[in-house]
Amino acid sequence: DAARASAAADSLEAARRARDAYRQLGRARGEAHALVAMARAALSMRNAAEGLRLAQDALDAWRRIGQTRGAVTALELLIQGHAMQGNPMAGLRAANEELAFVRQSGNKRGQLDFLDMMTHTHAVLREPASAIHYARQALNLYWALGDKAGQGWTLHTIAQMQRMQGQMVEATEAGQQALAAFQEVGNQRGEEVTSRALGEILAARGMPEQAPGRQDAMRCLRVFVKAVRQQSAEEFKAAEKDFKRCRHLLPDKDVVNALQPVLQEEGAMDFMEEHGWDLGRKTATTHGSGTLIKAYDHKVFYLQQNLNGMNFGPQFRVVHPFSKRDLEPKPPGEWPQHISMSCSQIEDAEGWQQEMS
């Protein structure tokens, strides 16, 4: 902390000297950049009052120059300074005033600079309704400019905010539109980000099979199972990485159905436990990384539930309780991240009773 404070103080002094030099030379743009650096250094020193004063000076300087990107940077620092004082909305009000001024000039790109910043700020503040409000204004401008990449990123943000609001159908539609926009212009990074986000939305809706990355997820699962069967440490490490990347598109039943036959093979369970997976044969450890899986024989599970007095009806024939959690150390009292169970049903109770007899 002391080292960071000293570095920030040095940055502030260096930026002050640069500001004075640019001012003497009449270099307005250089002076504005120096004021931004001074404001950032003051805020990093937790000096909100000084940071706000310098950020306002920087905003005034960029306004005189007519450079919206610089003004947006200064406004971000203003918002940060007001947030330190517990009033981030004061900075957003200043941003709205600047946006109104730029709108009068008819500068669409300038408006987008402010709208994108305000969308991002409200998203960070976890205010999805306000973020969507500004994002839709930005989206209209991106459409008017024919900017497909801008449309894609804005629709992606709208989808994330709608998901935060629980509007999953709308979030799905926005995510699909974002993906289509990126695909149209061949924006690979945008496709990757939106495909994953859309997959998470569909998985949360219980529809992972409709996700754009579903086929790749099933491929990752097959490769992972093959690596377990071959018991090759090198192949397993790479397959496990891909498996975790696609895990959100793989329902527990798919994972259990794929892994259970392999785990019956000689040495398979030992191999997975050596690589950080606890399969329920011993007390789980709290070190390393991986996933905890426990699969019980369905007859044992049936007897356990009856002995414990829990209601377990005969409508279930084959039961594969499945629980998994990350094996990272947890603070005292914190529960595993995720627990679930899968069961297969039959139509009549007679078959169950016959099997259990």
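Observations on the model:
- Whole-number accessible area per residue in Å² for region 182-287, which is evaluated in the context of all protein chains at 1.4 Å: 55
- Pairs of Lys residues in region 198-287, spaced 8 or more positions apart or belonging to different chains, with C-alpha separations under 19 angstrom: 5 in total.
- Region 144-279, relative contact order [Cα under 8 Å, separation at least 6], %: 18
- Area of Ile65 that stays accessible when all protein chains are in place (1.4 Å probe, Å², to 10): 60
- Solvent-accessible area, 1.4 Å probe, carbon plus sulfur percent, for region 107-214: 47
- Region 159-176 and region 97-117 have Cα centres lying 26 Å from one another.
- Viscosity 1.306 mPa s, 10 °C: Kirkwood-radius Stokes-Einstein D of region 170-209 over Cα pairs, µm²/s: 158
- Percent carbon-and-sulfur accessible area, region 1-95, ignoring ligands, DNA and RNA, probe 1.4 Å: 49
- With a simple spin-label model that places each label point 7 Å from the Cα along the Cα-to-Cβ direction, the separation between Ala49 and Arg229 comes to 7.2 nm.
- The calculated FRET efficiency for the pair Ala28 and Glu173, based on their C-beta separation and a Förster distance of 45 Å, comes to about 0.45.
- Region 16-67 - percent relative contact order, Cα under 8 Å, separation 6 or more: 34
- Applying 1/(1 + (r/R0)^6) with r as the Cβ-Cβ distance of Asp60 and Arg17 and R0 = 30 angstrom yields a FRET efficiency of 0.90.
- Efficiency of FRET between Glu273 and Asp216 - r from beta-carbon atoms, R0 30 angstrom, step 0.05: 0.60
- Straightening the chain between Leu125 and Arg109 buys 3.3 nm, computed as 0.36 nm per residue apart minus the Cα-Cα spacing.
The values are calculated or read from the model by the stated rules, or taken from the named source; none is laboratory data. None of the values given here were measured: they were computed from a predicted structure. Cβ sites come from the backbone with ideal geometry, for glycine too, and all protein chains shown count toward neighbours. Accessible surface is based on the protein model in full, side chains and every heavy atom, while ligands, DNA and RNA are left aside. Shrake-Rupley method; radii C 1.70, N 1.55, O 1.52, S 1.80 Å.
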